[in-house]
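Just below is one structure, and these are the notes that go with it.
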Amino acid sequence: MKKIIYIDEKKIKNKKIILRVDFNVSLNPDNTISNDERIRQSLPTINYLLKNNNQLILISHLGRPKKYDENFSLKIIIPKLKEYLPEISISLAKTIEEIKIKNDKIIVLENIRFFPEEKNYSTIFAKKLSSLGNIYVNDAFGVCHRTDTSVIGLPKFLPSYGGLLLKKELTIIDKSLKKIKRPFIAIIGGAKVSTKIGLLEKLSKITDYLIIGGAMANTFLASKNINIGKSFCEYDLIEIARRFLSKKLTKKPYIILPKDVIISDSKESKQSETVKIEKITSNKSIFDLGPETLAEIGNVIAKAKTIIWNGPVGYFENPIFKNGTDFIYYSITQNQKAVSIVGGGDTIAAISKKEYLDKITHISTGGGAMLEYIEKGTLPGIEALKK
Ligand code: 3PG
């Protein structure tokens with residue numbers, strides 16, 4: 001059977017390595033890094049490869065630019081990397097040609113999404129990139145669900161290996177989901193049913209409780225003919241949401257939707273009220289889960305043995321609507337008997353009191369990638385690495 005060979009299973013010495021990382025970090029409005037978790041999680045692989053006297057050419061994306069855009073330049077990454085690797089010479093190369101004339105131990109290629117051939121898969125571009133090194137290592141779990149050239153193209157031209165972060169992500173998720181300890185619960189938030197319906201279908205087959213929060217819960221409530229006022233809703237998905245709920249009425253999992261919610265005039269508002277879902281007025285919108293719903297969720301989290309959480313359950317950007325997301329995080333950290341996997345930079349960025357983070361079994365660097373891996377059992381970037 002074809003499988004990934006990881007860098008710690010092979011002697012890789014004195015080589016020029018093209019290392020695909022996911023430095024798609026969360027940014028503050030002033031363009032500084034707000035959460036460098038993804039950089040820190042890449043350090044074991046970087047250090048491991050450096051130790052064996054390899055030179056590293058780092059490739060990453062940041063944001064979703066379609067062409068050069070100063071706001072998404074990887075130059076903000078360089079001081080961070082230097083902070084973690086003070087002894088190492090590190091520089092940024094704006095072009096592929098520039099890489100060839102640099103001698104630093106780590107050369108970071110400018111945002112790979114500045115090159116249109118990254119998204120529009122190009123064999124020529126893959127070949128050109130591959131000519132920069134003699135080995136390819138993928139440590140970018142967060143982007144393995146994409147068919148971008150730097151993810152699936154390079155393994156066609158170079159001996160290719162998985163990095164230590166990729167190994168850690170796949171090992172922990174596989175271990176937790178292959179021999180599931182029950183009750184197994186999933187908490188899925190975020191805005192859109194459209195991006196997560198496949199995952200919900202998959203989770204509905206394997207979980208005991210499926211908790212739906214965030215703006216995507218609105219679409220499910222609307223499918224039950226509940227007046228959701230002015231709340232965000234994907235009206236074109238109501239039928240799909242209705243079918244999803246009706247299929248599951250009698251069987252496991254038990255689906256938890258909001259029973260009460262926090263509503264307000266607008267997301268910027270400083271005032272809110274708590275109402276039962278039957279009492280939502282037409283001029284208001286839902287921005288968070290209410291206390292009765294949270295109490296129910298808290299009980300379910302407390303007895304769970306396996307927990308997956310992805311996506312904030314309220315409009316956390318406004319502090320008056322982040323109680324639900326904080327409560328879920330706190331409840332998960334209080335259940336030390338469970339294996340807990342939390343995914344997605346936004347989910348972590350959304351929570352307060354980050355000092356409890358080490359009480360979570362695994363914080364995945366993948367958002368979409370983690371969900372798609374759970375849903376499909378593999379990803380294009382993983383398949384490309386298998387030999
Ligand atoms: C992520 O943030 O989930 C990854 O970096 C992938 O980014 P993308 O959704 O822009 O492809």
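The values are calculated or read from the model by the stated rules, or taken from the named source; none is laboratory data. Treat the numbers as computed from the prediction; the structure is a model and nothing was measured. Cβ placement follows ideal geometry from the backbone for every residue including glycine, while neighbour counts extend to all protein chains displayed. Heads up: the accessible areas ignore ligands, DNA and RNA and are worked out on the full protein's heavy atoms, side chains in. Shrake-Rupley method; radii C 1.70, N 1.55, O 1.52, S 1.80 Å.
Annotations for the structure displayed:
- Pairs with Cβ under 9 Å, 6+ apart, first in region 354-370 and acidic (Asp, Glu), second away from the ligand (no atom under 16 Å from the Cβ) and assigned to a helix (DSSP H, G or I): Asp358/Thr333
- From the list Lys202, Lys178, Lys196, the one residue that fits, being more than 20 Å from the chain's Cα centre (by Cα) and among the charged types (D, E, K, R), is Lys178.
- Filter pass, Ile187 being outside any helix (DSSP H, G or I), β-branched (Val, Ile, Thr), buried (at least 17 other Cβ atoms within 10 Å of the Cβ) and at pLDDT 95 or above: yes
- Residues of region 51-72 that turn out to be away from the ligand (no atom under 16 Å from the Cβ) and open to solvent by less than 50 Å² (accessible area, probe 1.4 Å), as a count: 5
- Of Thr195, Thr219, Thr207, Thr171, all but one fail to be modelled with pLDDT of 90 or more, surrounded by fewer than 21 Cβ atoms within 10 Å (Cβ to Cβ) and either over 30 Å from Lys11 (Cβ atoms) or out of contact with any strand residue (DSSP E or B) (no Cβ under 7 Å at 6 or more places or on another chain) (or both); the exception is Thr171.
- Members of region 327-357 found to be over 11 Å from the mean Cα position of the chain (by Cα) and among the hydroxyl-bearing types (Ser, Thr, Tyr), listed by number: Tyr329, Tyr330, Ser331, Thr333, Ser340, Ser352, Tyr356
- Residues satisfying the stated conditions in region 347-387, i.e. closer than 20 Å to Ile185 by Cβ, assigned to a helix (DSSP H, G or I), out of contact with any Leu (no Cβ under 8 Å at 6 or more places or on another chain) and not polar (S, T, N, Q): Ala350, Tyr356, Leu357, Lys359, Met370
- Tallying residues that are more than 29 Å from Glu268 (Cβ to Cβ), in contact with a Lys or Arg (Cβ under 9 Å, 6 or more places away or on another chain) and open to solvent by less than 10 Å² (accessible area, probe 1.4 Å) within region 339-353 yields 1.
- Within the set Lys267, Lys259, Lys303, the sole residue that is under 30 Å from Ile374 (Cα atoms) and in contact with a Ser or Thr (Cβ under 8 Å, 6 or more places away or on another chain) turns out to be Lys259.
- Residues that are more than 16 Å from the ligand (Cβ to nearest atom) and more than 19 Å from Leu200 (Cα to Cα) were ranked within region 363-387; the one that is most open to solvent (accessible area, probe 1.4 Å) is Lys387.
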